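The structure under discussion appears below in the form of structure tokens.
The values are calculated or read from the model by the stated rules, or taken from the named source; none is laboratory data. Keep in mind it's a predicted model, so treat the numbers as computed, not measured. Virtual Cβ from ideal backbone geometry, glycine too; neighbours counted across all protein chains shown.
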């Protein structure tokens with residue numbers, strides 16, 4: 001599956017996971033099995049918004065480019081053709097926070 005484009009629907013968000021640290025705080029190189037799955041990522045795509053009872057669409061609280069924190073066991077992992085990048089599609093409600101600079 002190479003170089004696909006994904007357009008999320010409704011209240012779903014496309015997230016690119018941030019790569020985990022290669023070294024511990026003490027400088028020890030971590031093997032893949034010791035690395036924690038990142039729960040942080042960058043918003044790369046937004047759907048059209050959740051449909052409200054009045055027929056309008058709710059605005060997203062996140063924007064493309066925001067760095068966000070999300071639950072560990074949420075979303076659906078997808079392959080967009082680049083093995084170096086890890087992407088998820090999840091509901092906006094699964095995003096816990098926006099990381100401020």
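Does residue 94 satisfy the condition of being within 10 Å of residue 15 (Cα to Cα) and either surrounded by 10 or more Cβ atoms within 10 Å (Cβ to Cβ) or touching a helix residue (DSSP H, G or I) at 6+ places or on another chain (Cβ under 7 Å) (or both)?
For residue 94, the condition - within 10 Å of residue 15 (Cα to Cα) and either surrounded by 10 or more Cβ atoms within 10 Å (Cβ to Cβ) or touching a helix residue (DSSP H, G or I) at 6+ places or on another chain (Cβ under 7 Å) (or both) - is not met.
Search the range 72-101 for residues that are closer than 21 Å to residue 51 by Cα and pair each with any residue that is at pLDDT below 85 when their beta-carbon atoms are under 9 Å apart and the residues are at least 6 apart or on different chains.
Short answer, once both residue conditions are applied: 89/6.
Residues checked against (1) touching a helix residue (DSSP H, G or I) at 6+ places or on another chain (Cβ under 8 Å); (2) at pLDDT 90 or above:
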{"site": "36", "(1), (2)": "no, no"}
{"site": "41", "(1), (2)": "no, yes"}
{"site": "60", "(1), (2)": "yes, yes"}
{"site": "72", "(1), (2)": "no, no"}
{"site": "80", "(1), (2)": "no, no"}
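Name every residue in the range 39-76 that is loosely packed, with under 10 Cβ neighbours inside 10 Å and part of a strand (DSSP E or B), in order of residue number.
The answer is 76, and nothing else.
Could you run through the range 81-90 and say how many residues are touching a strand residue (DSSP E or B) at 6+ places or on another chain (Cβ under 8 Å) and surrounded by fewer than 17 Cβ atoms within 10 Å (Cβ to Cβ)? Explain how you work it out, then say what you get.
Pass one, the range 81-90, residues touching a strand residue (DSSP E or B) at 6+ places or on another chain (Cβ under 8 Å): 85-90.
Next, only the ones that are surrounded by fewer than 17 Cβ atoms within 10 Å (Cβ to Cβ) stay: 85.
Residues that pass the stated criteria total 1.
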